[in-house]
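Worksheet for the structure shown next.
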Amino acid sequence: MRNLKLLKSLRSSELRGPGSPQFLSVRADTGSLLVVSQYAVTEYDPRTGQAVSEASLTAEGFLPEDGGGVVVGLQDLAELESACLATAGGDVVLFNLNTCQLECVGSVDSGLTSMSWSPDEELVILTTGQETIIMMTKEFEPITEVGIHQDDFGEGKFITVGWGKKETQFHGSEGKQAAVQPAAGWDDRRPRVTWRGDGQLFAVSAVCPQTGARKVRVWNREGVLQATSEPVDGLEEPLSWKPSGSLIASTRRHPNKHSVVFLEKNGLLHGDFTLPLGKDQAKVKELLWNSDSTVLAVWLEDMTAGEDGWVNTYIQLWTVGNHHWYLKQSLDFGGDRQAAPVCVCWDPERPLRLHLARRDWTCITHDWGWTTERSPGQDAADNANVAVIDGDKILVTTFRQGVVPPPMCSFELQLKSPVNQVTFLCRPQGTNQLAAFTADGRISVYRQSGTCFLCCSCLRSEIEVDGVVVSVVHCSQTGTVALQLEDGQIRRVLWDCPDPSVEVWRDSTGCNINFPVPCVQTSLCSVGGEEYLLGLTDRSHLYAGDTELASSVSSFAVCNDFLLITTHSHTCQIRGNLLYSTYIFFMYYCFISWLWLQAALASDGGQNDETQRRVERGSRIVTAVPGDTRVILQMPRGNLETVNHRALLLAQLRKWLDSLKFREAFECMRKLRINLNLIYDHNPKVFLENIETFITQMNSIDHINLFLTELKEEDTTCSMYPRPEGSPIQLQPVSGQKKVDVVCDALRSTMETMDPNKFCLSILTAHVKKTEPELEVALQKVHELRAPGAVSAEEALKFLLFLVNVNDLYEHSLGTYDFDLVLMVAEKSQKDPKEYLPFLNMLKSLEPNYQRFTIDKHLKRYRKALLHLSKCGPEHFPEALRLVREQKLYSEALRLFAANDAQYKALSCAYAEHLVEQQQAEQAGLLLWRCGEFVGALQAFAGSSSWRNAICVAQQIPLPPDQLALLARDLAGNQKLTEQRRYSEAALLLDQYAKDCEEAILALITGAVWEEALRLIYMHDRQDITETNLKPALFDAVSSHTVFLEAQVATFARHRARLAVVREQKEKARLDMLDEDGPDCPDAELYSEASSVMTGSKYSHSNSRISSRSSKNRRKAERKKLSLKEGSPMEERALMYALGEIVTTVDKMREEVHNLLKALVLFQLDRQAEKLQQTFEEALQTTEAALPEVWPDGIQNNNAPLTGPNSTANSITASFQQQQQKPAASQQGPVFNHHLKAPVCNV
């Protein structure tokens, strides 16, 4: 739905010469024109108006001096820096553009009728006066010469199926004579040659000697005939092969019309369109395709002269879309013979530039650009009109009312002459008015009134502009008018002042703003209060003034606060027939910077990015409906597609929700499948404050129910529909409740206040859709429906069955203890009455509390069942106790009975048994103690080593002294105190309660509690135990500690040496890798200081199959990987772990060794004390000296989980948290005071 808009027209009248131009060609490298007449060839630069070079054809004898010579072909040869021309006399001449010399490279005695070069300029086709085709190379070496007229069809001859010859078939009422009509009388009988765009085929149109009618023959690059066209009645001389297609364009005169026809390469007809002319009104002089095959130029000339005796000449530009041909431009040159064009050609570099040469040597260059004429309104008053030019008609489509696929339309405006340009009024509230400029220079203005357009008058004002204006754009909101000149300069028109004027466009800082290159499409927008002119170049670059925003942009449009852009993305391949994907971007351009917009357009977007969407390649924006969510796109084939883009949609929804238009938002979201949670999530506080407004606007039970059923806990503004950049964040109301519960409760309470009967079903839905469905409440409300005019109970029950499974509803109805309601639900279910009626009858016969107990037990609501059963009396207590044991409801049961009841004591005993089974004997003892079961409590405390509670209970019983002593002895020795190394507590029991001081002293000696043992020895006057037990125990302790420390030191030294070897191997392997791959090896960083990858290991890493486990098991699994076996993958870390364990173990022996040394000194065992002191100091010095080597600074500062001397016993397997501190060994003082050691050693 695009039109061709004339951007500029350059007229050059400085070139003058004898005769008139006969051929025109464009130099692709310089843009200058090559013009040849019957006297000379001239290179002319239309931008400067100067002749660059010129050579006379008559002086060299190539053309006669009387001006009767004819040039039949002209071609610029960029590679040779020459121009090749052919004369009717048979000469082929090269014009050197550098030296201005002419050279005859060949001559044909019979003369030449045409010359045509291949698109790659490798071959040239010459047609001679003897009706032959000569094919030559670019060096003018002959390849082949064949006759134009061939009897054979060609290599592509069709296969006959034996249905007779064409001559014997029926030819209509006129008979066989009508099968072939000779060429028209004005046909010049000259052959026409045209090449396909790839240069592999060329077609020749020539008059057949036998029939006198024209035939088209297709030849390949080797000069072999491929196909001959079928006889086409009325086929005329123009011939042009579409560069990017397989169609050959020509013209055909029918008995009642004149049309342009298309032939395939096999010679068969393939479509046509009718020229808007009478049967014998005009003749087509030439057909010309532009370089990108989008525009077909038809050069026509009237057959008869007008009243003034002059013949009218005009050029029509046609485009195709959706299999319909549109006449987009009509250039009428009038009847002036001097003003009529004699040469026409398209520019090879700029597809929409047309060059004309008139008979008076005036050269005209027209530049067109594609544009979509859309109404510029920004509110709902604008009908989103789009106007399409089609000859003398304007096809107007109002996209607000509906999408009408082209070539159809909503309105068709018929004018008296072809339309060349159309535009819409940019005044607010008047954007549905349009103006049309026709080929005869008239301007017609139309305004839309209801379902029709009315013609009205217009005003005219002139402002002088210094320069060539190529585009004008007007902003309907601000009234600003901007002009773009041919060199990209931007001007602002001050038209609302008494003396309209034009000034330079400046930004807020006063700097001049211009486009770097001219733009073919422009639009005004406002960003942060400042106006900018957006422009799109023919190279697909989008600019905002002199700032480039994006590249590879195919179209753009400004709609409200959005910039809509379609781009060609060549980075994402997709499946199917499309090679590349195209994206359409919708960006907020208000309140943003251009730098942010540049970054946004360059990014690919995230998963939930609402600013882009994938569309078909080649899609272009037609229009966006203002105040709506629809964007109209046109595909390359011409068909239309409507998309409700997420960005526009969400922006419109946010506007509706902010203005409390809940119904409009709901209808749009329901239609376009937007999650209805957005209604609440957009602004929870506002929604909860306007619940009644929401319900009133919905005014539909079904819509409210639909909203309730879609509620979920997810915040859609954070996941599915993120808020735009810079928009305020709406906080959720802090109530401690879940979102679904808050909305359901708010809606339910409001509906109950407004009209509970009307909104009955919605109230039920609110109960059911809560996170914990309130089915029983909903069922109770269904059962209570008795009001006249309200929803019937049966209808409400059917609705509940739609929301909830019938079996679940039956179970919950049973839980209401209302048998009428149960029967009502059961009747709607698929249950057999024989299945539920006996059960219900049995329940009705029971006592109420026992009845409810039976129901709750059936529904597995055991806590409620226990509550009801506790009210049934003591006779049902055994059943209650059995239920408590089965369902382990001990805590709940104890709350239901008084502490002085026998039932409470029985429950406590049962609970205690359960706790003992769960290895919680101490808690069981406390429970039995409080209920008066002292014997059982004593057993429970004794079994849990809770000796203090056991002694208290024993004295409360009370136990006789001998039994108490026996109990104390059992607790100390036979139970877990000594097993748990709680020697001090065992000694206390033996000394105070068992009255056995010797056993108490022996327990302390066994536990190495030397000082406490001495205290009891002297308290009970048992110094004999010192010699018999204490001193031998000291000797044994010294020996065991010494052996253990020596073993630890040896193991530490062995691991330390192995660690050095492992690290040396690793460093060597890393250096070898760097030598092989160079210093920039990307894998060099993998060999960190703590890594053991390159240790020469023969083992390979394997992934753990353990996906989830407890932290304890996880640490165990990690330790299993730390193997000390030589060559294992984790050997280095295993060695470091083992060394850390030794350091921690030695450090933990400080207190124990300190106490032992004090006892040794006390008994004058100085030699043993000195030996132990020396051994322990050596162990500490060995570990402390190895700290910098085992844990270098690089590893200690690393965040990797390692072990070392700074770890404690509880965190040895975790990472170091305080690796910056000094090692614990260096912070501690000596294990024994030095000044106390010296006199001992001297004794």
Legend entry - Nitroxide proxy distance, nm - points 7 Å out along Cα→Cβ at Val320 and Leu837: 8.0
Inset, instruction - Can you tell me how much longer the chain between Ser1123 and Asn98 gets when fully stretched, taken as 0.36 nm per residue apart minus their C-alpha distance, in nm with one decimal? - result: 360.5 nm
Inset, instruction - Multiply the residue gap between Lys888 and Asn639 by 0.36 nm, knock off their C-alpha separation, and tell me the result in nm, one decimal place. - result: 82.4 nm
Legend entry - Restraint check, Lys8/Lys283; Lys844/Lys864; Lys257/Lys416; Lys157/Lys257; Lys738/Lys864, Cα-Cα greater than 22 Å: Lys8/Lys283; Lys157/Lys257; Lys738/Lys864
Legend entry - Amide H within-cut-off set for Thr623, under 5 Å, with H built and near neighbours excluded: Ile632
Inset, instruction - Keeping every protein chain in place, order Phe1163, Phe662 by accessible area at 1.4 Å, biggest value first, i.e. largest first. - result: Phe1163, Phe662
Legend entry - Spatial separation of Cα centroids for segment 1146-1177 and segment 54-71, in angstrom: 128
Inset, instruction - Starting from 0 in steps of 5 Å, tell me what percent of the Cα-Cα pairs of segment 299-342 lands in each bin. - result: 6, 21, 25, 17, 12, 10, 6, 3, 0
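Within 10 Å, count the other beta carbons around each residue, average over each peptide in 30-37, 887-894, and list them highest first. Write down the numbers at each step before the final one.
On the way: 30-37: 22.0, 887-894: 16.9.
Per-residue mean Cβ counts within 10 Å order the peptides as 30-37, 887-894.
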Inset, instruction - Take each of the peptides 684-690, 514-520, 1181-1187, average the number of other beta-carbon atoms within 10 Å over its residues, and list them starting from the highest. - result: 514-520, 1181-1187, 684-690
Inset, instruction - Could you pull the Rg and Dmax for segment 833-960, using just the Cα atoms, both in Å? - result: 18.8, 70
Inset, instruction - Could you grab the relative contact order for segment 224-351? Cα pairs under 8 Å, six or more apart, rounded to a whole percent. - result: 16
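The values are calculated or read from the model by the stated rules, or taken from the named source; none is laboratory data. All figures in this text were calculated on a predicted structure; none of them were measured in a lab. Note: ideal-geometry Cβ built from the backbone for every residue, glycine included; neighbour counts use all protein chains shown. Just so you know, the surface numbers come from the protein's heavy atoms only, side chains and all, with ligands and any DNA or RNA stripped out. Shrake-Rupley method; radii C 1.70, N 1.55, O 1.52, S 1.80 Å.
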